[in-house]
Amino acid sequence: TQVNAGNNEIRPENKYEMEFGFETKMFKSRLGVDLTYYNSRTIDQIIQLTVPVSTGAVSKLVNAGELHSSGVELALNIIALKKKNFKWITRANMALGETIVKKLAGGVKQIVYFEGEQNAIRIVAEEGKAVGNIYVHPVMTDIRGNYIVGSNGLYVINNTQYVKAGNVMPKLTGG
């Protein structure tokens, strides 16, 4: 049976946020623009952390650290067609933002959120970096930087190290 350990020392998660916005309508309210800037700080974020099985549990609630988020959101509202019994309204929006791990609790430098493909891929949170970085084992190269191909015709993977391959968090979203 899997057990999730409790934590009597858990503190409440606190979020401090600042937001500035501008909204306007023109042309008899047929065109609207909404622009917002946000900046937030989350302290003592609570997450379920995987712990060694030797503890008698599989996970434990912990205060993970401090996150800083900032970004810009833009929305356009357009009344494209307006008749007596019919109105066509189009709304388009986009957001550009990023969340950085400022500090992890207890001297931890990295939290692994996901490991897959026999630990060949990891999604992590690291101090000073964006949340959700993806790390993979790199393909081995020779002295000239050419990829090494094994006798089976597949690239040879260096499973002793990880390299950053991207990030799961989109920088730009829209709809």
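Gain on full extension, evaluated as 0.36 nm per residue between Ile143 and Asn85 minus their Cα-Cα distance, stands at 13.6 nm.
When the surface is traced with a 1.4 Å probe over the full set of protein chains, Lys164 keeps roughly 120 Å² accessible. Arg11 sits with roughly 110 Å² accessible to a 1.4 Å probe, with DNA, RNA and ligands left out of the calculation. Counting only protein heavy atoms and a probe of 1.4 Å, the accessible surface of the range 25-78 is 61% carbon and sulfur. Rounded to the nearest 20 debye, the dipole size of the chain about its Cα centre is 1060 debye, using +1 on the Cβ of Lys and Arg and -1 on the Cβ of Asp and Glu.
Accessible area per residue was computed with a 1.4 Å probe on protein heavy atoms; Ile78 scores about 70 Å².
Remark: C-alpha extents of the range 51-108 on the principal axes read 70, 25, 12 Å, sorted largest to smallest. Counting Lys and Arg as +1 and Asp and Glu as -1 over every other residue whose Cβ lies under 14 Å from the Cβ of Leu67, the net charge comes to -2. Under Stokes-Einstein, with the Kirkwood radius over Cα pairs as Rh, the value for the range 68-175 at 4 °C and 1.567 mPa s is 72 µm²/s.
Over the range 1-103, consider all pairs of different Cα atoms and compute the Kirkwood hydrodynamic radius from their mean reciprocal separation; express it in Å, one decimal. Intermediate values should be presented prior to the final figure.
Working: mean 1/r = 0.0569 Å⁻¹.
When all Cα pairs of the range 1-103 are included, the Kirkwood radius is 17.6 Å.
The residue list Ile46, Leu74, Phe114 was ranked by how far each Cα lies along the charge dipole of the range 1-123 toward its positive end, using unit charges on Cβ atoms, and Leu74 comes out on top.
Relative contact order for the range 54-99: what is it in percent, counting Cα pairs under 8 Å that are at least 6 residues apart? Working shown, then result.
Working: 48 pairs, mean separation 17.9, N = 46.
39 percent.
I'd like to check one number: the per residue accessible area of the range 42-175, probe 1.4 Å, reported in Å² as a whole number. Spell out each step's value before the answer.
Details: 8950 Å² over 134 residues.
The answer is 67 Å² per residue.
The values are calculated or read from the model by the stated rules, or taken from the named source; none is laboratory data. What you see is a predicted model; the values in this text were computed from it and never measured. Note that we place each Cβ from the backbone using ideal geometry, even for glycine, and neighbour counts take in every protein chain shown. Ligands, DNA and RNA are excluded from the accessible area calculation, which covers all protein heavy atoms including side chains. Shrake-Rupley method; radii C 1.70, N 1.55, O 1.52, S 1.80 Å.
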